[in-house]
Structures are given as C-alpha cells and as structure tokens.
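Working notes, beginning with the structure itself.
None of the figures in this text is laboratory data; all of them are computed from the coordinates on show. This is a predicted model, so every value here is computed, not measured. Cβ atoms come from the backbone with ideal geometry, glycine included; neighbour counts cover every protein chain shown.
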Amino acid sequence: MSEPEITPEIVAKHGIKPDEWERLLGILGRMPSFTELGIFSAMWNEHCSYKSSKKWLRTLPTTGPQVICGPGENAGVVDIGDGQAVIFKMESHNHPSYIEPHQGAATGVGGILRDVFTMGARPIAAMNSLSFGVPAHPKTSHLVKGVVEGIGGYGNAFGVPTVGGEVRFHKSYNGNCLVNAFAAGLADADKIFYSVASGVGMPVVYLGAKTGRDGVGGATMASAEFDDTIEEKRPTVQVGDPFTEKRLLEACLELMASGAVISIQDMGAAGLTCSAVEMGDKGGLGIKLQLDDVPQREAHMTAYEMMLSESQERMLMVLKPELEDVARAIFVKWDLDFAIVGETIPEDRFLILHGNEVKADLPLSKLSSSAPEYDRPWIETPAAAPLGVVPEIAPISGLRALLASPNYAQKAWVYEQYDSQVGADTLVAPGLGAGVVRVHGTGKALAFTSDVTPRYVKANPFEGGKQAVAEAYRNLTAVGATPLATTDNLNFGNPEKPEIMGQFVGAIKGIGAAVAALDMPIVSGNVSLYNETDGSGILPTPTIGAVGILASLDDLIAGRPAEGDLAVIIGATKGHLGQSALLAEAFGIEAGDAPHVDLAAEKLAGDFIRANRKAFAACTDLGDGGLALAAFEMAEGAGLGVKIDAAEIGFLFGEDQARYLVALPQSGLAALTAAAKAAGVPLALVGQFGGKTVSLGGDSAALADLSALYRSAFAAAVA
Amino acid sequence: MKAAVVTFPGSNCDRDLAVAFERAGFEVARVWHKDSALPAGTDVVGVPGGFSFGDYLRCGAIAAQSPIAAAVQAHAARGGYVLGICNGFQVLTEMRLLPGALMRNAGLTFNCKTVELKVATTASAFTQAYARGQSLMIPIAHHDGNYTIDAEGLQRLRGEDRIAFTYGQNPNGSMDDIAGVLSENRRVLGMMPHPERANDPLLGGNDGAGLFAGLMGGMALA
C-alpha cells in the first residue's frame with residue numbers, strides 16, 4: 001500500500017515543530033517515509049520524550065538506601081525488607097478521560113497496572129486522584145460518573161483493591177479534567193524484570209490482545225491543547241478490557257517465573273514503537289520487526305497504524321529462544337496471543353518490514369537519545385498579595401460551607417464503586433487519609449496516599465510543591481507508617497508560556513526540597529503538560545503519590561475516638577487562612593499566600609507521632625479545612641459529637657502545616673504532654689469528643705444534622 | 001476435610017477463598033477451569049468471586065460451560081458440598097445448581113461496602129454455627145447482585161427454609177432481601193456477600209469465619 005506524501009501540513013499535524021523537523025532531517029539525511037514520520041512524532045511528543053520537563057526532573061532527589069530502582073523504568077522499586085520490594089508509579093490519563101470518560105479512565109488504570117506487573121510485581125493497591133470542573137458545569141456530572149465507573153469497572157474486574165485517592169472540583173478544570181492513576185505491586189527484590197534487551201538474534205515476542213486501530217496517535221493528542229474540535233478526537237481514545245489484562249497479568253507472572261524472559265516492556269503510549277525502541281535503546285541493540293506477524297484485530301492495517309496503535313493489554317518481550325515452547329504454552333493456557341514478531345539485531349537500527357517492503361529504517365538510538373530537549377523560558381511566580389480582611393462567619397456556618405461542598409463532603413459515592421477489599425488484605429479502606437494493605441502472609445503492611453492542594457501551588461509553587469509532599473508524609477504518618485518513597489504526577493498547563501513553566505519549575509524545586517528533607521525520594525513519575533482549553537490553564541496540580549511501611553501490624557493507628565477522649569493538636573497553630581478551604585468554599589475567595597512548610601517541624605512532628613503511636617486512639621493529619629473539619633470527620637466516623645473550645649476562625653479553620661489532630665483518653669494526657677515537651681514538639685489540648693453535638697467555640701449543631709449534610713452533599717452535587 | 005477452589009481466568013477472589021478454607025482447617029487444592037475432574041476426595045468445592053470470563057454480559061454464563069462445570073455438577077449430584085461466593089453464586093445459578101438469577105443492582109452501580117446480614121436459617125452446614133436471626137457484618141462488592149426468581153420459586157425457597165441470609169438493608173434490589181440461598185439438599189450455598197473478607201479481626205471483622213468453621217464441623221458430622 002502506498003503511503004501519503006510528506007507535506008508541511010502532514011508534518012505539522014504530527015505535532016512536529018519547524019526546528020524539530022530540521023533536526024529530524026539532519027538525523028536521517030533524507031525525507032522520512034510516512035511510517036517513519038509517525039514513529040518520530042510518537043517518540044518526540046511531550047508525553048513520551050519529556051522534552052520540556054527533563055531538565056528539571058533531573059534535579060529531583062531519586063536515591064536512597066531504600067531505592068532499588070528509581071525513575072527511568074516502568075515503575076520505581078523500593079526495598080521493604082525481608083527480600084521484598086514494592087513497585088509503584090502514578091500516571092495521568094487526562095486528555096482521553098475528558099474526551100471519553102469511561103474508557104479514558106479505565107485504560108488509565110489498565111496502563112498503570114501494566115507498568116507495575118511488567119516489572120514482575122503483583123498489583124496489591126490502586127489509588128486515583130481526580131480533578132473536575134465545578135459541579136454546575138454542564139460536563140462535570142457526566143465526567144464524574146464516567147470516570148468513576150471506568151476506574152471501578154477496570155480495577156474491580158482486574159482484582160486490585162482501590163484503597164485511596166482524591167476528588168476535587170474547581171473551575172479551572174472545567175475544560176480539562178485530571179485523572180491520575182496510581183498502582184503498587186509486590187515482588188521479590190531479586191526477581192524484578194527490566195526493559196533492557198540483551199543478546200543478538202533473540203526473538204521479540206508480542207503478547208496479549210490483538211492490535212486494532214484504537215488509540216492511533218493518542219500520545220500526540222495527549223500533548224496538545226484542547227479546543228472545540230475535541231469531539232473529533234474520540235477515535236484516538238483506546239478501549240479497555242480488564243478481563244484480558246487479568247489474564248495478561250497471570251500469564252506474565254507465570255512466564256517470568258519460568259525463566260524465559262530476558263526483558264519485557266508494556267505497550268502503552270505509542271504502543272509497539274515506544275516499547276520496541278525502549279528495549280533496544282537500553283540494551284544498545286537494534287530491533288527488526290515483521291509486522292505481518294503482529295496479531296491484528298482489523299483487516300488491512302497499515303504499518304503506520306500498527307506502529308502507532310494504542311490498543312490495550314499488550315506486551316513486548318525479548319525471549320530466551322530455548323524456552324519458546326514453555327512460554328507459548330503459558331499463553332495458550334490463558335488464551336492470549338503469543339507471536340514472534342521480530343528479533344534483536346547488532347546494528348543501531350529500527351527496521352520495520354511489512355509485506356515485502358521496508359516501511360521504516362531508522363537509527364534506533366537517535367529516536368530517544370536525540371529527542372529534542374528544551375530549556376523553556378520561565379518566570380518566577382510573583383509573591384502572592386497578602387490576604388486582606390477576612391469576612392466574618394460563625395464557626396458552624398463555616399463548617400457547613402465545607403461539608404456542603406463536594407470537595408470536603410464524604411466521598412462514599414465514589415469509593416463504594418471501587419472494590420477496596422479484594423485480596424482480603426485491606427487494613428484501612430478508603431475514606432479519610434491513607435489506605436493500608438497488609439503484605440500478604442506477613443506481619444508487615446504498606447500505606448498509600450495521594451495528595452496535592454492545587455490552590456496553594458498556584459499561589460506559591462515552591463511552598464505548594466513542598467506542601468503536597470508534606471501532606472503525603474503526614475497522611476502516611478497518621479496511620480503509623482514510616483514514609484518510604486514517592487511518585488509524582490505533574491499536571492500543568494502549556495509549558496511554552498513562561499508563567500506556566502515558572503509554576504512547573506517552582507513546584508519541582510519545592511517537591512525536591514521536601515522529599516530530600518523527609519527522606520522520601522522520587523522513584524517514578526509522569527508529566528502531563530498542555531492541560532489547557534482555549535488558552536486557559538488548570539490550577540497547577542503536581543499530584544504526589546507516596547508509600548510508607550509499617551514494619552509491624554502493631555504499629556497501625558486505625559482506631560476511633562471513644563466517648564470522653566481528648567482532642568489534642570500536635571504541632572503549632574498560627575491560624576493561616578490564605579488560600580484556605582474556608583475562604584474558597586464559604587466566600588469564593590482564593591487569595592493570600594499558601595501556608596509555608598517548615599520541613600524540620602514536619603519531620604519532628606512525624607517522628608513524634610510514630611514514637612507515641614500507642615498513646616493515640618485516633619490520629620489524622622491537619623490539612624485543608626483545618627481543625628474544624630478534621631475534628632468533625634474524626635468524630636463523625638465514630639458516631640460522636642465533639643466540642644472544640646476555641647472560637648477564633650483562624651484557629652478553627654487555619655491551615656498551618658506540620659500538624660496532626662489526635663484523640664486520646666484523658667489518662668494519657670500527662671505522659672503525652674511530657675513526651676512532647678521532651679521532644680520539643682508543640683502540643684495543645686483543644687477539646688473533647690463525645691455526646692451528639694458538634695460545638696465550635698460555643699456555636700453548635702446536632703451531629704445528626706451535620707452528618708446528614710456531610711454524607712449527602714457529594715451525591716447531590718454530581719447526580 | 002478437602003476443599004477444591006476453582007479458578008476461572010477472571011476469578012480474583014480465589015486466593016482469598018483458599019485462605020479462608022485453610023484458616024478453618026481445610027486442606028485446599030486449586031483447580032483450573034480447563035480441568036475436567038476435581039481432585040479425588042474433594043469434600044467441598046469453592047467457586048470464588050471475580051469476573052470469570054469478563055462477565056460483561058450475563059455473569060457466569062460462560063463459566064458454566066467450562067470443562068470443570070460438569071465435574072462440579074456431578075459432585076453436587078453425588079451430595080457433595082459447593083460454596084459459591086459473589087461471582088461464584090452467579091456461576092452456580094448459571095450451572096442450575098441453584099434457582100434464580102442475579103441481575104444488575106437496582107442502583108445500577110458497583111457497590112462495595114460492609115453490610116448487615118441476617119442469618120435466615122441455621123439448618124445447613126454453612127449456617128449451623130450461627131443463631132437464627134443473628135446479625136453479621138459482611139462486605140459486599142458487586143455490580144450484579146440483585147437476586148430474582150419467579151413467584152413459585154420464591155414460594156418454594158421460603159417454604160423449604162432455603163433462604164440462608166437476608167440483607168438488613170437491601171443494597172441491590174434483591175427479592176425478599178435475599179443475600180444467599182441453599183439447594184434442595186442444603187449442600188450448595190450461593191451468596192453475594194464475601195464471608196472470606198470477614199475472616200480476620202485485623203481486616204475489621206470476623207463474622208464470616210463461622211461459615212467456614214461451621215462447614216468444617218457440619219461436614220464432619222454428616
């Protein structure tokens with residue numbers, strides 16, 4: 001079949017900028033074929049090449065004694081002792097989810113699960129961080145329902161418990177929702193599989209589902225801004241099949257145990273192209289592919305389509321040839337396709353044959369190593385103007401404003417659509433704070449959390465970046481875990497705008513400072529840029545996914561306050577209301593600076609919580625919504641009222657960092673106070689749990705009344 | 001006592017069910033759906049939760065045609081015990097080992113939460129460790145748990161005391177709040193809730209343990 005002629009229009013349609021086109025011609029010394037242009041476009045788009053972000057990503061701390069493998073592989077690998085490792089990553093599927101919410105979100109979950117099991121790990125936990133436009137926006141309800149159903153439909157059938165996440169609403173996401181999916185898996189530390197190919201003449205094997213035309217050009221689509229033609233992009237969204245993914249998981253794990261795998265890579269963005277190039281490049285080898293042997297779902301597919309298809313549930317593997325029969329038998333058992341589609345070759349070449357024609361013949365190493373890299377101009381985000389006079393509000397009215405907002409209302413409507421218990425190891429299910437999953441068959445557990453406060457990042461990218469990490473640190477700490485490592489999913493607007501690039505740079509610097517200070521290095525991550533519609537960008541949203549370990553199940557803090565327990569704040573309260581949830585929800589005010597994060601104070605408070613965990617009936621991090629919201633949530637979960645003595649709005653709703661709210665019996669107060677004094681950690685007795693009334697500085701309401709609001713507001717907003 | 005847990009390609013609670021049987025003292029064998037026989041001496045077959053063949057349409061229908069299905073049906077016909085949980089319950093209705101069908105939840109969404117069950121009969125090995133009317137907290141996690149049966153069938157289930165569990169607050173629209181039913185010989189139980197997830201105090205509940213312990217004891221007597 002003859003291929004279209006290369007014209008400037010076709011080049012532009014592939015997202016290749018004029019300077020990049022010159023670079024491409026320089027590498028080839030000739031015009032590319034249509035298939036070759038597609039391959040370059042797939043490898044050089046923002047999504048695959050990180051060309052705008054690489055310079056800054058390199059500055060992030062990624063090492064530590066606990067890190068077995070940092071960024072660069074499919075997912076990060078972290079030591080959890082006893083010869084075991086946790087493998088995790090977070091990745092965005094923002095653009096596809098906006099275009100087709102159910103399939104976009106489902107395949108986002110599928111992709112991140114594959115990233116984890118490609119490395120030999122059995123997935124044990126999933127989370128998702130979702131950002132939508134305001135509930136009143138005509139698309140929001142449709143997006144929320146589709147995304148949640150898509151995540152549930154995929155994860156539930158696959159069989160991974162969804163144990164945490166976030167859902168937020170803000171007008172900046174009206175035209176560009178965010179769907180960030182996290183997965184973590186468990187493997188033996190000496191049985192991790194990497195994507196480095198080795199050996200010449202080794203068979204390249206295609207595994208899993210057949211290749212169709214779905215998703216052709218998806219990665220390029222994900223690297224462009226949206227405008228009102230997005231509906232035309234629906235055919236670039238892939239369709240997920242969790243049943244195939246489940247079989248692929250089991251077959252891959254069996255295959256890996258058989259010793260037949262030299263290297264393996266999942267086919268994600270830019271499918272066959274990206275996976276083959278990555279394996280060859282890392283191994284210093286060339287790859288030859290015979291596309292006639294690729295299992296195909298549709299007739300008459302072209303080389304271009306096959307190389308760029310993003311059909312789901314597929315893997316590419318370099319196989320030990322002597323074990324081909326063993327490997328094939330495993331895939332027959334699971335009724336999956338298994339086809340030898342090529343081989344490794346000694347020269348630096350990416351050779352694509354189809355029919356009797358050479359469709360592409362490219363220098364393989366140049367595809368990724370010579371990808372463009374930009375030092376985009378950026379301007380530092382100006383300091384936020386100081387917060388003016390805060391309008392007056394009665395404490396209970398402030399609390400009601402939070403509880404009535406889908407941002408702070410109970411999210412059961414969402415997480416009850418996810419299977420949070422499959423695997424029968426879930427110790428703390430979703431709801432508040434971190435999820436906790438037992439390491440199967442051991443007395444250890446892992447804690448998972450996902451956090452960011454985009455309002456803070458916009459006002460102050462550096463402090464906001466720090467805060468996202470600090471909040472993750474606190475959420476892990478609040479269940480008794482020791483934070484281990486972090487994955488980051490950096491969602492920003494158009495990096496070609498210096499002010500957006502400034503947000504990105506500021507946030508990276510803040511994240512870097514925080515993960516260094518709190519010893520939770522970045523081991524994997526993903527960057528999603530161009531989150532803009534018609535030129536208007538999202539709130540900068542660097543989602544932090546973090547994992548912590550509980551060396552013993554006795555370390556878990558997962559209780560509830562009892563009648564009469566005291567409410568105590570660990571950490572110092574100054575009453576910072578800039579960019580607070582209260583101002584945003586009660587008054588629509590997003591002003592002032594973000595709260596600053598004292599990383600030393602975070603570390604001190606976190607260590608104090610862990611050292612004294614036996615003293616607490618319950619513990620939670622103090623984040624947005626401050627003391628008032630945290631105390632209400634803790635009390636409501638126990639079916640109790642709570643009385644907080646302070647009446648001052650800053651004290652009740654301020655969002656100062658490095659703080660926890662703990663509940664403890666009166667008998668424990670003296671010892672805890674002494675311990676805090678010795679450790680140099682501020683401690684303040686602020687109230688008491690009990691009864692059926694919520695009272696904030698004398699202003700009060702019936703628990704049942706507030707509880708009804710808290711439990712119904714989310715469904716009311718999105719239904 | 002020997003339990004055999006069947007794995008279909010999309011089963012995902014097979015390990016959890018095997019662990020629950022083991023905790024109750026069973027010797028557990030894992031059986032692949034393409035096998036055509038159960039291990040010799042199998043006392044109880046466990047059909048686990050999950051999405052046996054993706055189950056995009058009519059859950060359990062394809063699983064009921066797997067090679068292992070004939071062996072499970074023969075085992076039941078010989079008076080052997082069978083426990084189907086969630087997708088396993090759907091599979092057992094498709095195998096015609098239990099009457100009725102599981103339709104899409106009335107609320108149309110997947111629903112995962114811990115719910116209150118009432119023990120409706122103690123006249124079975126599965127439920128004999130409980131008291132009639134006893135309240136249990138057991139998780140559910142399903143999209144298609146809306147139990148439906150014709151009027152005559154429902155009459156028979158009631159008359160023959162074959163409703164094993166009912167929901168305290170009906171989460172899915174099931175007729176008569178039915179959460180689990182027994183076969184005529186009371187040796188096949190299908191239920192939507194997951195007792196294997198409430199089988200360890202650390203996981204927030206142990207109310208399901210009685211089912212496995214009762215089964216162990218009841219079978220020993222039988």
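Below 8 Å between Cα atoms, with a sequence gap of 6+, how large is the relative contact order for chain A in percent?
With pairs under 8 Å counted, the relative contact order is 16 percent.
Sort out for me the Cα centre separation of segment B:4-42 from segment A:593-657, rounded to whole Å.
When both Cα centres are located, 46 Å separates them.
So which lysines can A:LYS333 reach, going by Cα to Cα under 27 Å and dropping same-chain residues fewer than 8 places off?
Reachable lysines: A:LYS191, A:LYS210, A:LYS246, A:LYS320, B:LYS2, B:LYS34.
Restricting to DSSP H runs of at least four residues, report the calculated mean residue ellipticity at 222 nm for chain B, -39500 (n - 2.57) per run over all residues, nearest 500 deg cm²/dmol.
Numbers: 5 runs with 51 residues, N = 222.
Calculated at 222 nm, the ellipticity per residue is -7000 deg cm²/dmol.
For chain A, what is Rg from Cα atoms divided by 2.2 N^0.38 Å, rounded to two decimals? Please list the in-between numbers first.
Values: Rg = 25.7 Å, N = 719, 2.2 N^0.38 = 26.8 Å.
In units of the globular-protein estimate, chain A measures up at 0.96.
Hey, got the dipole for the protein assembly as shown? About the Cα centre, +1 on K and R Cβ, -1 on D and E Cβ, debye to the nearest 20?
Details: 72 positive and 103 negative charges, 348 e Å.
In debye, rounded to 20, the protein assembly as shown gives about 1680.
If Lys and Arg each add +1 and Asp and Glu each add -1, what is the summed charge of the other residues whose beta carbon sits under 15 Å from the beta carbon of A:ALA704?
Details: positive: A:ARG400, A:LYS692, A:ARG711; negative: A:GLU636, A:ASP705.
Taking every other residue near A:ALA704 into account, the sum is +1.
Would you mind classifying chain B by shape? Square roots of the alpha carbon gyration tensor eigenvalues, ordered a ≥ b ≥ c; an a/c under 1.5 is rounded, otherwise it is prolate if a/b is larger than b/c and oblate if not.
Values: a/c = 1.25, a/b = 1.10, b/c = 1.14.
Cα axes put chain B in the rounded bin.
Count the net charge of all other residues whose Cβ sits under 10 Å from the Cβ of A:GLY152, scoring Lys and Arg as +1 and Asp and Glu as -1.
Details: positive: none; negative: A:GLU149, A:GLU416, A:ASP419.
So the surrounding residues net to -3.
Quick one: how many lysine pairs in segment A:395-718 have C-alpha atoms under 15 angstrom apart, if they're 8 or more apart or on different chains?
Numbers: A:LYS458/A:LYS466; A:LYS458/A:LYS497; A:LYS458/A:LYS509; A:LYS466/A:LYS509; A:LYS466/A:LYS603; A:LYS643/A:LYS692.
So the count works out to 6.
Write down the percent of antiparallel bridges among all DSSP beta bridges whose residues are both part of the protein assembly as shown, to the nearest 5. Walk me through the numbers before you get to the answer.
Working: 116 of 156 bridges.
Antiparallel bridges: around 75 percent, rounded to the nearest 5.
First check a/c for segment A:29-144, with a ≥ b ≥ c the square roots of the eigenvalues of its C-alpha gyration tensor; if it is under 1.5, answer rounded, and if not, answer prolate when a/b is larger than b/c or oblate otherwise.
Taking the square roots of the gyration eigenvalues as a ≥ b ≥ c, segment A:29-144 is oblate.
So which aspartates and glutamates can A:LYS139 reach, going by Cα to Cα under 12 Å and dropping same-chain residues fewer than 8 places off?
A:GLU100
Fewest to most neighbouring Cβ within 10 Å: what's the order for A:VAL179, A:VAL662, B:VAL47? Mind showing how you got there, number by number?
Details: A:VAL179 29, A:VAL662 26, B:VAL47 35.
With the sparsest Cβ surroundings first, the list reads A:VAL662, A:VAL179, B:VAL47.
Can you show me the helix-derived [θ] at 222 nm for chain A, built from DSSP H runs with n ≥ 4 at -39,500 (n - 2.57) apiece and divided by the number of residues, rounded to the nearest 500. Intermediate results must be reported in sequence, preceding the final value.
Values: 24 runs with 248 residues, N = 719.
Mean residue ellipticity, 222 nm, calculated: -10000 deg cm²/dmol.
Given A:LYS89/A:LYS366; A:LYS54/A:LYS89; A:LYS288/A:LYS366, which pairs have Cα atoms separated by over 20 Å? Mind dumping the intermediate values first?
Numbers: A:LYS89/A:LYS366 27 Å; A:LYS54/A:LYS89 17 Å; A:LYS288/A:LYS366 16 Å.
Beyond 20 Å between Cα atoms: A:LYS89/A:LYS366.
Strictly greater than 28 Å: what percent of every Cα pair in segment A:395-718 meets that?
Beyond 28 Å sits 39 percent of the P(r) for segment A:395-718.
So for A:VAL147, A:VAL200, fewest C-beta neighbours within 10 Å to most, what's the order?
Details: A:VAL147 27, A:VAL200 13.
The most exposed by this proxy come first: A:VAL200, A:VAL147.
For chain B, modelled as a GNM with alpha-carbon contacts under 10 angstrom, which of B:TYR56, B:TYR167, B:TYR81 fluctuates the most?
Of B:TYR56, B:TYR167, B:TYR81, the most mobile in the Gaussian network model is B:TYR56.
Please report, largest first and rounded to whole Å, the three semi-axes of the ellipsoid equivalent to segment A:352-429, where each semi-axis is the square root of five times an eigenvalue of the C-alpha gyration tensor.
Working: eigenvalues 536, 202, 29 Å².
Taking √(5λ) for each eigenvalue gives 52, 32, 12 Å, largest first.
To make sure I understand, if each residue's beta carbon is the centre and we count other beta carbons within 10 Å, what order do A:HIS440, B:HIS143, A:HIS576 fall in, fewest to most? Write out the running numbers ahead of the final one.
Working: A:HIS440 15, B:HIS143 25, A:HIS576 20.
Listed from fewest to most nearby Cβ atoms, that is A:HIS440, A:HIS576, B:HIS143.
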